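These notes concern the structure reproduced below.
The values are calculated or read from the model by the stated rules, or taken from the named source; none is laboratory data. Remember, predicted model here, so these are calculated numbers, not experimental data. All Cβ positions, glycine included, derive from the backbone under ideal geometry; neighbour counts span all protein chains shown. For accessibility, only protein heavy atoms count, side chains too; no ligands or nucleic acids. Shrake-Rupley method; radii C 1.70, N 1.55, O 1.52, S 1.80 Å.
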Amino acid sequence: MKKSILIFFVLASLTLSAQNTKVEVLKEFLKGSIELSASNIDLGQPINTVNELAAAKADKVIELTKENISETLAEAKNYKTCIITVGVHTIIKVTDFDDCSPSGAWGACMPMGKGYIQKAGVLNEVQDYIKNIIGRPATQERKVFLFK
């Protein structure tokens, strides 16, 4: 009995530690554009929380589509920070508009980005051209949040 209680507390503390790490990772990633805290974030779906907070704080929000990607990326160059989310599982910050790679699927030159993809409750860091992070154009909701 004591052994199972001990195992429970160890697992609970590891889960809490992983959740706190998730908050800290996103706080640092979004620093200067969105303020996150453990009290205002859904630890199960933190990117959903980011979508909600970013929609309220961003200077401009754009629904990203294949039809508007070129003009959206051109406009994003005029802002300090460009954050893109895909559904509630992926968040990217464009890091270099000049370093881009052509995408046949999107019909645009896609810039370099850094971000996180949530799989099985874990935020996995990614750094690549955004075409390789956001996937092919489809019915998934993709939002661009622009901050001055």
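Could you report the stretch 99-143's accessible area per residue, 1.4 Å probe, as an integer in Å²?
53 Å²
5 Å is the cut-off here: which amide hydrogens, built 1.01 Å from N in the peptide plane, fall below it relative to Tyr129, excluding neighbours closer than 5 in sequence?
Gly113
Once label points are set 7 Å from the Cα along Cα→Cβ at both Ala55 and Ala105, what is their separation, rounded to one decimal in nm?
Reported label-point gap for Ala55 and Ala105 is 2.5 nm.
Assign unit charges at the C-beta atoms only (+1 for Lys and Arg, -1 for Asp and Glu), then state the dipole size of the chain relative to its Cα centre in Debye, rounded to the nearest 20.
So the dipole magnitude of the chain works out to roughly 440 debye.
Report the calculated FRET efficiency for Ala74 and Lys27 (r = Cβ-Cβ distance, R0 = 25 Å), to the nearest 0.05.
0.25
If I compute solvent accessible area with a 1.4 Å probe over the protein chains, what percent of it on the stretch 47-134 is carbon and sulfur?
Taking all protein chains in place, the stretch 47-134 shows 45 percent carbon and sulfur surface.
Roughly how large, in nm² to one decimal, is the mean projection of the convex hull of the alpha-carbon atoms in the stretch 77-148?
4.8 nm²
For the chain, which cysteines have no disulfide-compatible partner, meaning no other cysteine Cβ under 4.7 Å?
Lone cysteines by the Cβ rule: Cys82.
Any chance you could look up the accessible area of Asp42 with a 1.4 Å probe, heavy atoms only, rounded to 10 Å²?
Ignoring ligands and nucleic acids, Asp42 comes out at about 70 Å².
So, counting K/R as plus one and D/E as minus one, what does the shell of residues with Cβ under 14 Å around Ala105 add up to?
Counting the neighbours of Ala105, the net charge comes to +3.
Once you keep just the Cα pairs under 8 angstrom separated by 6 or more residues, what percentage relative contact order results for the chain?
Taking the mean separation of contacting Cα pairs over the length of the chain, I get 24 percent.
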